[in-house]
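See below for the structure under consideration.
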Amino acid sequence: MRIAIASGKGGTGKTTVAVALARVMDSCVLVDCDVEAPNAHLFLSPEVSHTQEAFVMIPVVDDDKCTGCGECSRVCQFNALAVLNKSVLVFEELCHGCGGCVIACEPKAITEGGRLIGTMQWGKANGMDFFDAKLRIGEPMSPPLIKGLKRQADLAEAENMILDCPPGTTCPMVEAVSGADYCILVTEPTPFGLHDLNMAAQAVRDMGIPSGVILNRAGMGDNCIQEYCRANGMTILMEIPHRREIAEGYAVGKDILRSMPELEDEFKNMIKTINEGLNNG
Amino acid sequence: MLICISSQGADLSSQVDPRFGRAAQFIVVDTETGEAKAVDNKQNLQAAQGAGIQAAQTVANTGAKAVVTGHCGPKAFTTLNAAGIAVFTGSNGTVAQALEDFKAGKLEKASGADVEGHW
């Protein structure tokens with residue numbers, strides 16, 4: 001089973017939930033897809049056994065072969081190529097690496113080069129396979145790195161995979177969530193938590209991925225999340241109480257199961273519920 | 001010589017569009033004959049990125065040798081420069097006025113972008 005942990009709003013507890021779930025599930029690989037600010041490693045102290053650089057394809061133009069026809073610029077949806085006076089200008093930072101220009105170039109003047117976008121690493125953490133990546137500083141495009149990281153994690157061939165997703169509802173989140181069997185949306189009972197939960201719920205619904213909600217910091221704020229879930233037919237899978245000892249543990253790199261061991265059974269039951277729902281669904 | 005002025009409308013009485021890449025229109029004027037025509041830049045208004053690059057290509061295709069606009073970002077400037085098109089920034093008022101200022105040599109040629117991308 002492949003479960004994505006997403007949220008919309010940042011700081012609601014995605015990593016807290018992801019680490020706990022990966023710990024209670026057998027044969028599980030944890031993938032920290034938040035390549036702009038990876039933090040799951042802080043709770044797991046993994047022993048890194050491999051590092052690998054990730055590249056995105058960029059066009060390399062052979063001026064001798066280029067006829068200046070401009071076809072590459074016309075097919076580029078990202079405006080990364082300009083053809084002027086029979087020479088091609090490539091704006092590497094705008095290129096999404098789709099390769100359309102390579103196919104469109106009749107004289108075959110364009111070949112595939114690479115632009116470094118980040119570094120992936122993986123290894124073991126208490127017997128669990130753990131993967132994360134760091135986006136190169138200044139690099140605007142994280143989805144290709146997330147995609148590469150997930151592909152690498154697939155090679156571990158674990159029975160279960162937990163995807164700790166980046167916040168928001170834009171391309172990085174969509175890339176991280178895609179392919180999941182189920183998505184857990186972590187939120188908090190605040191107006192911001194509710195607003196972004198609504199956006200994230202719509203995003204995963206559009207992607208055709210079943211989802212449920214974990215309400216973190218339950219007890220603070222109001223009942224807005226419960227009311228929203230009731231009105232929209234969404235399941236609250238679990239409520240994590242708003243407790244000081246969880247925050248204190250978090251601050252020193254203790255995962256939530258060590259701060260509140262009584263939650264372990266709740267997490268296990270939740271997995272069972274999700275599993276049964278998917279099998280019957 | 002053909003020059004290209006970024007414009008909010010389709011004729012010489014329109015206001016100069018302060019933006020180059022996302023200008024509504026370009027007015028291409030022949031400085032010798034005074035003949036003017038409007039070139040639409042609508043496709044770039046909604047571009048997620050690279051509007052300046054595309055606009056620069058549009059301008060290059062008109063055969064213009066100079067651009068008169070309010071501001072020009074780095075990628076647009078690079079592209080115009082590669083096309084051998086001179087850039088004059090800081091223009092405002094009507095397109096007709098900008099044309100007169102250009103002809104009178106009142107505008108200064110830019111040596112680089114005067115704003116960041118997406119200003």
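Of note:
- Elements of type strands (runs of 3 or more DSSP E) in the range A:56-140, at least 3 residues being among the small types (Gly, Ala, Ser) and away from chain B (no Cβ under 13 Å): A:110-125
- For A:Thr16, the criteria (1) assigned to a helix (DSSP H, G or I); (2) surrounded by fewer than 24 Cβ atoms within 10 Å (Cβ to Cβ); (3) away from chain B (no Cβ under 14 Å); (4) of a type outside the set (Gly, Ala, Ser) hold in every case but one, which is (2).
- Within the range A:248-269, the set of residues being touching a residue at least 24 places away in the same chain (Cβ under 8 Å) and not hydrophobic (A, V, I, L, M, F, W, C) comprises A:Tyr250, A:Gly253, A:Lys254, A:Asp255, A:Glu264, A:Glu266, A:Lys268.
- Scope the range A:19-39; condition open to solvent by 10 Å² or more (accessible area, probe 1.4 Å) and either closer than 27 Å to A:Pro140 by Cα or not assigned by TED's automatic domain parsing to the domain that holds A:Val252 (or both); matching residues: A:Asp34, A:Glu36, A:Ala37, A:Pro38, A:Asn39
- Under the condition of being surrounded by 14 or more Cβ atoms within 10 Å (Cβ to Cβ) and acidic (Asp, Glu), the residues counted in the range B:20-70 number 1.
- Residue match in the range A:40-61 (condition: open to solvent by 10 Å² or more (accessible area, probe 1.4 Å) and more than 29 Å from the chain's Cα centre (by Cα)): yes
- Members of the range B:79-119 found to be among the basic types (Lys, Arg) and free of Cβ contacts under 8 Å to residues at least 12 places away in the same chain, listed by number: B:Lys106
- Looking across the range A:142-171, not a single residue is open to solvent by less than 10 Å² (accessible area, probe 1.4 Å), out of contact with any Leu (no Cβ under 9 Å at 6 or more places or on another chain) and of a type in the set (Ser, Thr, Tyr).
- Exclusive hit being within 15 Å of the chain's Cα centre (by Cα), without any contact (Cβ under 8 Å) to a residue 24 or more places away in the chain and away from chain B (no Cβ under 14 Å), set A:Asp164, A:Asp154: A:Asp154
- Every pair of residues 6+ apart whose Cβ atoms lie under 6 Å, when the first sits in the range A:228-247 and is without any contact (Cβ under 8 Å) to a residue 60 or more places away in the chain while the second is part of a helix (DSSP H, G or I) and open to solvent by 50 Å² or more (accessible area, probe 1.4 Å): A:Met238/A:Glu266
- Of residues in the range B:57-78 being in a helix (DSSP H, G or I) and among the hydrophobic types (A, V, I, L, M, F, W, C), the one nearest to the other protein chains (Cβ to nearest Cβ): B:Ala60
- With respect to the conditions (1) within 26 Å of A:Cys69 (Cβ to Cβ); (2) modelled with pLDDT of 95 or more, B:Gln43 falls short on a single one, namely (2).
- Cβ pairs under 8 Å, 6+ apart, first in the range A:14-28 and farther than 13 Å from A:Ala4 by Cα, second basic (Lys, Arg) and surrounded by fewer than 24 Cβ atoms within 10 Å (Cβ to Cβ): A:Val24/A:Lys268
- Verdict on A:Ser87 being more than 26 Å from the chain's Cα centre (by Cα) and among the hydroxyl-bearing types (Ser, Thr, Tyr): yes
- Screening A:Val186, A:Val204, A:Val174 for residues that are open to solvent by 20 Å² or more (accessible area, probe 1.4 Å), of a type in the set (A, V, I, L, M, F, W, C) and within 19 Å of the chain's Cα centre (by Cα) leaves exactly one candidate, A:Val174.
- For the range A:243-281, a residue qualifies if it is in a helix (DSSP H, G or I) and in contact with a Pro (Cβ under 8 Å, 6 or more places away or on another chain), and the qualifying residues are A:Gly277, A:Leu278.
- Residue that is surrounded by the most Cβ atoms within 10 Å (Cβ to Cβ), among those in the range A:120-141 that are out of contact with any Asp or Glu (no Cβ under 6 Å at 6 or more places or on another chain) and charged (D, E, K, R): A:Asp129
- Checked against (1) in contact (Cβ under 8 Å) with a residue 24 or more places away in the chain; (2) not in a strand (DSSP E or B), B:Val28 passes all but condition (2).
- Exactly one residue among B:Gly105, B:Gly21, B:Gly84 is on the phi > 0 side of the Ramachandran plot, within 14 Å of chain A (Cβ to nearest Cβ) and not in a strand (DSSP E or B), and that residue is B:Gly84.
- Hey, B:Gly84 surrounded by fewer than 16 Cβ atoms within 10 Å (Cβ to Cβ) and small (Gly, Ala, Ser) or not: yes
The values are calculated or read from the model by the stated rules, or taken from the named source; none is laboratory data. Worth saying up front: this structure is predicted, and the values here are computed from it rather than measured. Neighbour counts run over all protein chains shown; Cβ positions are idealised from the backbone, glycine included. Accessible surface is based on the protein model in full, side chains and every heavy atom, while ligands, DNA and RNA are left aside. Shrake-Rupley method; radii C 1.70, N 1.55, O 1.52, S 1.80 Å.
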